[in-house]
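The values are calculated or read from the model by the stated rules, or taken from the named source; none is laboratory data. Here the structure is a predicted model, which is why all the values come from computation and not from measurement. So basically every Cβ, Gly included, is an ideal-geometry build from the backbone, and we count neighbours across all protein chains shown. Accessible surface areas use protein heavy atoms only, side chains included; no ligands, DNA or RNA. Shrake-Rupley method; radii C 1.70, N 1.55, O 1.52, S 1.80 Å.
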Amino acid sequence: MKTIISKYTLFEYLAGRANPLERRLVEDWIREKENTETFNQWLMEYETRTPQFVPDQDAAIKFLLHRLETDIEPTAEMPKSAIQNPRPNFFSTRSNSFWLMAASVTFFAGFGWWFRDPLQYKTYQTAYGQTTDVYLEDGSRVALNSNSKLKVPRFGFDDAVRNVVLQGEAEFSVSHTIDHKRFVVKTSDDFQVEVLGTTFSVFARPRGTKVALKSGSVRIDYSQNNERKEVMMEPGDLAVVDHAGAVKLARKQDTSTFATWKEQRYVFNATSVKDIVAMIDENFGQKVKLSNGEMAQRTITGNFKTKNADELLKTISEVLDMKTEQIGDTILLKNQ
């Protein structure tokens, strides 16, 4: 049965004034995926009206662990940052009161972590075969490739740094701000690209990470063997993260061939069939197998206009004198 609540009920819940029945209704409503966007909109409105309380979760957990170890009645005052709205005891025994408090703090700490990401970020995500342009509040433009995800701060770039998070592939055209606010693209805890105003492409998928700089200058910050390192890039540079986690820089590359997927074009320059098969899986979600290992090392060079995986595979098979065979959800690429 679909749960229905009012905006007022959610506001009362967020303020800690909801009764047990209202709390249960709100929590059931939040768990329903079709309410996610409405929840985010109402949450933004609530936080605009009322400063958001951020609990000191570490202090709360530390306090509870101490209480569990000692198993005695608390004598010190519970940190105010751990519980926002203390309530009267509902049980007659001290033991029940303590466990009620422990359960409440554990719930709110877990609940906060559960919703931390959707609260802080707005996510733009593309499906297989889909590309889109995302325009940020600072005037920057992000062209997002298929099967990619971009997270931006839900309430704007209020900090000294404009932070975004990328999974997949995108081209960034970053606007310079009058206060010289830095723009940082994070792909993991160990890798980020920092710029002031420039155009560059970032490839961050399971099979590797690459950065191609078209104009301006960027700095790559990364971690290798628990040591922080950095690399400065100039226009025409291509940075590739190797298997050891180090960043290798190639100078004077044709960076115009990167992000051609915006025009539904794919440019190959002695690109191996192995890499092309991986790219088809990443961009279109189409699984392709090769009939033998020798085929993986064959290369292809050219500029191909295509809208889907079938068109691209047809072109590749014709150029390399191969043929395709459909086997369930997988396409087998083999020699003629």
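Observations on the model:
- Global form of the stretch 115-229, assessed from the alpha-carbon gyration tensor, a/c cut-off 1.5: rounded
- Under the simplified labelling scheme, the K314-D189 pair shows an inter-label distance of 4.7 nm, with each label point 7 Å from Cα along Cα→Cβ.
- Mean Cβ neighbour count within 10 Å, used as a protection proxy, ranking 249-261, 322-334 highest first: 249-261, 322-334
- Extension reserve of the T132-Q264 stretch, reckoned as 0.36 nm per residue once the Cα distance is removed: 46.3 nm
- Cα centroid of the stretch 240-264 to Cα centroid of the stretch 296-325, whole Å: 22 Å
- Karplus (6.51, -1.76, 1.60) ³J(HN,Hα), θ = phi - 60°, over the stretch 308-323, in Hz, Gly and Pro reported as x: 8, 5, 4, 4, 5, 5, 5, 5, 5, 5, 5, 5, 9, 6, 10, 9
- Report note on the peptides 176-188, 200-212: ranked by the mean count of other C-beta atoms within 10 Å, highest first, their order is 200-212, 176-188.
- Karplus-derived 3J(HN,Hα) values for the stretch 197-203, using 6.51 cos²θ - 1.76 cosθ + 1.60 with θ = phi - 60°, are x, 5, 10, 7, 10, 10, 10 Hz; glycine and proline are entered as x.
- Spacing of the two label points (7 Å from each Cα toward its C-beta) at Q120 and D242, in nm: 3.3 nm
- Computed over protein heavy atoms with a 1.4 Å probe, the accessible surface of the stretch 147-281 works out to 48 Å² per residue.
- Annotation: amide H-H contacts under 5 Å for E169 (H modelled 1.01 Å from N, sequence separation of 5 or more, or interchain): N145, K149, A204.
- Ordering 292-299, 240-247, 223-230 by mean Cβ neighbour count within 10 Å, with the highest value first, yields 240-247, 292-299, 223-230.
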